[in-house]
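The values are calculated or read from the model by the stated rules, or taken from the named source; none is laboratory data. Here the structure is a predicted model, which is why all the values come from computation and not from measurement. Cβ placement follows ideal geometry from the backbone for every residue including glycine, while neighbour counts extend to all protein chains displayed.
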Amino acid sequence: MVVEFEKAGITTVHVANMTPVSTSLGCNRIVKSYGIPFPYCDPSMPEEVQVEQRYELFEKVLRALGTDVIESTVF
Amino acid sequence: MKKIVMYINQFYGGIGGEEMANTAPSIAEGMVGPAVALNSMLQGGQITHTVICGDDYMNEHEEDSISVIDGFLKDLEFDLFIAGPAFFAGRYGVNCGRICRYVQNNFHVPAVTCMYEESPGVDMYRSDIYILRGGHSGASMRKDLKKVSGFANKLLNDEPILWADAEGYFPRGIRSQIILPADQTADKRAIDMLLKKLKGEPFESELPIELLEPVPVPPAIEDISKARIAFICTGGIVPAKNPDRINSAGATHFASYDLPEKELKAGEWESIHGGYDHTYANADPMVFVPVDALRRLEGEGKIGYLHPYFYSTTGNLTNLKDARRMANEIVEFLGKDNIQAAVLTSA
């Protein structure tokens, strides 16, 4: 799906855990998630920490959106 | 009698389902799960050990898992390594491919696995190892084991291995020369093919040329604080009771939901994705759709504009055609709202 968004000219970030799969499919901007069942934060951490983890991971997503890439890049 | 080591996941290893996908690798003496049936089909070889590893664990701790499995195998003598069959499973297919390649390269024995053509493991590892063409689901277990045993028996008995289509594995990109009889020389085959083409009859190219259309990389967003961003999730996060009946596997449609002002509350939302343990997502749906983070960043002026809906479906065993179609349907909605950037979150 990410490749279709990119074909349409939409700058896209794929947040995923299996980053080699994402690269092999041609995704250009990839942010590695915390885990397959919990992408944005680590549920073993206290709630306050999880809140910050979600915030910081999405900040990384924003950075990836704002970065020039020429090939598949994992941020 | 030649010796074989087999690799399977936590489910086929009888450890458990998704809730045990985070199980670290272990090795058992003898045969576990499908190794039992496979062993009965082998001629000239015996499965001496079974390695079992959780599908999430190997994906999330790739180096550690490989290092631990390397430790298990180091002191063993074996002549062949078999993994799977993985059918259409995303994580299992990738793990089978990954461990087969590692074992083949570091232990210098042939490694074989088997999976469905749309499993991501195929494209990633087909050039490195033998991946037999497998069925779509666990219902094909018996058939796939027969395929694996047939091929394994050839390897065990030093029989010549033929080209991909003849043996039923995915082409590895290796070309070998064979001499055909005089009545089948290239000139005759070329004329035959041309005649078929001219008559509009079906023909098969001996060397399929794949034209990959290069996709230009979309530009970086110059000023994120002005960016119009949309959120899409294939983790299967839906309102409780799944009113839009999104499929837990093989999704053919998606739903759009209002992006809340503050948060997604446990109990109001649930996960219906068939490919991972829902415990965490059900306890806090924001592990997949971080609304609190999105709204905080928007409030701080770090995101220009958030599309008012988020798009939800499952990425579990979605076939390529449906995934592409859904993506293009979403592109239309995003276009109408002048969205420049999209974030797609997968399990």
- Query: Which residues, taken from the range B:58-72, are crowded, with 21+ Cβ neighbours inside 10 Å and either among the β-branched types (V, I, T) or in contact (Cβ under 8 Å) with a residue 40 or more places away in the chain (or both)?
  - Reply: B:M58, B:S65, B:I69
- Task: Specify which of the listed residues (B:A342, B:A327, B:A347, B:A323) is within 7 Å of another protein chain (Cβ to nearest Cβ), part of a loop (DSSP other than H, G, I, E, B) and on the phi < 0 side of the Ramachandran plot.
- Result: B:A347
- Looking only at the range B:265-303, count how many residues are closer than 14 Å to B:G235 by Cα and assigned to a loop (DSSP other than H, G, I, E, B). 11
- Query: Of the residues that sit in the range A:18-42 and are among the polar types (S, T, N, Q) and farther than 18 Å from A:R54 by Cα, which one is surrounded by the most Cβ atoms within 10 Å (Cβ to Cβ)?
  - Reply: A:S22
- Query: Looking at B:A28, B:A37, B:A83, B:A24, which one is surrounded by fewer than 20 Cβ atoms within 10 Å (Cβ to Cβ) and within 21 Å of the chain's Cα centre (by Cα)?
  - Reply: B:A24
- Checked the range B:89-123 for anything within 13 Å of chain A (Cβ to nearest Cβ) and more than 10 Å from the chain's Cα centre (by Cα); matches are B:R98, B:R101
- Message: I'm trying to understand the selection: among the residues of the range A:19-63, which are under 15 Å from B:P290 (Cβ atoms), of a type outside the set (D, E, K, R), more than 7 Å from chain B (Cβ to nearest Cβ) and assigned to a helix (DSSP H, G or I)?
- Response: A:V49, A:Q50, A:Q53, A:L57
- Query: Can you spot a residue in the range B:197-214 that is surrounded by 21 or more Cβ atoms within 10 Å (Cβ to Cβ) and either more than 23 Å from A:V51 (Cβ to Cβ) or not assigned by TED's automatic domain parsing to the domain that holds B:G16 (or both)?
  - Reply: no
- Message: Take residues that are within 17 Å of B:S149 (Cβ to Cβ) and not β-branched (V, I, T) and tell me which of the strands (runs of 3 or more DSSP E) falling wholly in the range B:16-126 contain 1 or more.
- Response: B:45-53, B:80-83, B:111-115
- Those residues of the range B:162-173 that are free of Cβ contacts under 8 Å to residues at least 40 places away in the same chain and exposed (fewer than 13 other Cβ atoms within 10 Å of the Cβ) come to a total of 2
- Message: With more than 10 Å from chain A (Cβ to nearest Cβ) and either more than 20 Å from B:S256 (Cα to Cα) or among the charged types (D, E, K, R) (or both) as the only criterion, which of B:D337, B:D277 stands out?
- Response: B:D337
- Item | Of residues in the range B:252-280 being among the small types (G, A, S) and at pLDDT 95 or above, the one surrounded by the fewest Cβ atoms within 10 Å (Cβ to Cβ) | B:G267
- Task: Return only the number of the condition from (1) of a type in the set (A, V, I, L, M, F, W, C); (2) in contact (Cβ under 8 Å) with a residue 12 or more places away in the chain; (3) outside any loop (DSSP other than H, G, I, E, B) that B:I221 does not satisfy.
- Result: (3)
- Among B:F78, B:F11, the single one that is more than 14 Å from chain A (Cβ to nearest Cβ), among the hydrophobic types (A, V, I, L, M, F, W, C), surrounded by fewer than 21 Cβ atoms within 10 Å (Cβ to Cβ) and touching a Gly at 6+ places or on another chain (Cβ under 7 Å) is B:F11
